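*Asks:* Got a structure for you, questions after.
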């Protein structure tokens, strides 16, 4: 009887973890759309570097167990006259070794693509043509390609610096890379679309980073404004798929606990993105692992201005 009761309790916990449920969010005031003056020559392109597979049920609450999602590992190239940037670095040339550093239960089938370093070469660019890499956070599938980008500064906040320097398992792979040049920035700007602080990378509003902890302590959202006035919010892993924003739907309970997410922070940041997108339709939100969302950014060598 005790065994049956335990099994029943486990079933209830598992069902509640994955079953759809209305996500209760606050209704934040995101304020006025921040001004931006991106240079006319600025553009962005996506550099898809591979995918890995998982069930939809593991990516958002209410997803189907029978549906396989191919999660993107994609870098975004920002070409700017003051300096070219990558947001995330995707899967690098050593991705096979990087996957083996994960606990066995976290390894899923994956497909290697072309590493960012090779795609840059095809564009006639060298690693030295980059002013920096902005990781949305330090999980392996966002920083694997950093190992290929020798001597390219990795731009991190002071909070990220502390997190990466800690013994956190999440940042272990990044700490293992030799000859990494970290370049620290401060959130020295004011509020940005409801986020309390910001950092304007080039001082023209074209690339603005805001702290968005919750998925990890070092998580950020990167806002990009193009000459056409089109705007993007690169969400990192605030949500894994667009359903997280559109429905909205958080990650399943068991996944959140495995990752160590802070639910209240994640929910607040989801609410901010939803409110900003509703108020300002020119903003396109892109979760880092949703290949459908990346359809909005052309694949290099094409570019969007």
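Values in this text are rule-based calculations from the coordinates and carry no lab data. Worth saying up front: this structure is predicted, and the values here are computed from it rather than measured. All Cβ positions, even for glycine, are placed from backbone atoms using ideal geometry, and neighbour counts span all protein chains on display.
*Asks:* Which one of 267, 277, 175 has the biggest mean-square fluctuation once the chain is modelled by GNM with Cα springs under 10 Å?
*Replies:* Judging by the Gaussian network model, the answer is 175.
*Asks:* Could you give the angle, 0 to 90 degrees to the nearest 10, between helix 263-279's Cα long axis and the longest principal axis of the Cα atoms of the chain?
*Replies:* Taking the Cα atoms of the chain, the angle to 263-279 is about 50 degrees.
*Asks:* On a full-extension model of 0.36 nm per residue, what is the gain between residue 229 and residue 280, subtracting their alpha-carbon distance, rounded to one decimal in nm?
*Replies:* Working: separation 51, 0.36 × 51 = 18.36 nm, distance 1.13 nm.
In short, 17.2 nm is gained.
*Asks:* Where is the GNM fluctuation largest for the chain (alpha-carbon springs, 10 angstrom cutoff): 206, 264, 219?
*Replies:* Ranking 206, 264, 219 by mean-square fluctuation puts 264 first.
*Asks:* Can you tell me the length gained on complete extension of the stretch residue 33 to residue 188, counting 0.36 nm per residue apart and subtracting the Cα distance? Don't jump to the answer; show the numbers that get you there.
*Replies:* Details: separation 155, 0.36 × 155 = 55.80 nm, distance 1.83 nm.
Length difference between fully extended and current span is 54.0 nm.
*Asks:* To continue, here is another question. In which sequence would 32, 73 go, from the one with the fewest C-beta neighbours within 10 Å to the one with the most?
*Replies:* Working: 32 9, 73 29.
The fewest-first ordering by Cβ neighbours comes to 32, 73.
*Asks:* To continue, here is another question. When a footprinting reagent is the concern and you count Cβ atoms within 10 Å, what order do 52, 192, 280 take, fewest first?
*Replies:* 280, 52, 192
*Asks:* 7 Å from Cα along Cα→Cβ at both residue 41 and residue 159: what's the point-to-point distance in nm?
*Replies:* Result: 3.5 nm between the two label points.
*Asks:* Report for the range 2-296 the percent antiparallel among DSSP-assigned beta bridges with both residues inside it, nearest 5.
*Replies:* On the way: 30 of 44 bridges.
About 70 percent, rounded to the nearest 5.
*Asks:* At a Förster radius of 25 Å, what calculated FRET efficiency corresponds to the Cβ-Cβ distance of residue 258 and residue 25, to the nearest 0.05?
*Replies:* Working: r = 23 Å, r/R0 = 0.91.
It comes to 0.65.
*Asks:* If r is the Cβ-Cβ distance from residue 169 to residue 123 and R0 is 30 Å, what FRET efficiency results, to the nearest 0.05? Spell out each step's value before the answer.
*Replies:* Details: r = 35 Å, r/R0 = 1.16.
Rounded to the nearest 0.05, the efficiency is 0.30.
*Asks:* Roughly how tilted is helix 2-18, in degrees to the nearest 10 and between 0 and 90, from the longest Cα axis of the chain?
*Replies:* Its long axis makes an angle of about 30 degrees.
*Asks:* Antiparallel versus total DSSP beta bridges in the range 73-160: what percent is that, nearest 5?
*Replies:* Working: 3 of 8 bridges.
The antiparallel fraction comes to roughly 40 percent.
*Asks:* Assuming R0 = 25 Å, what is the FRET efficiency of residue 96 and residue 150, from their Cβ-Cβ distance, to the nearest 0.05?
*Replies:* Details: r = 19 Å, r/R0 = 0.77.
My answer for the efficiency is 0.80.
*Asks:* Something else about it: Test of understanding: in a Gaussian network model of the chain with alpha carbons linked when under 10 Å, which of 34, 227, 48 would top the mean-square fluctuation ranking?
*Replies:* Among 34, 227, 48, the largest mean-square fluctuation in the Gaussian network model of the chain belongs to 34.
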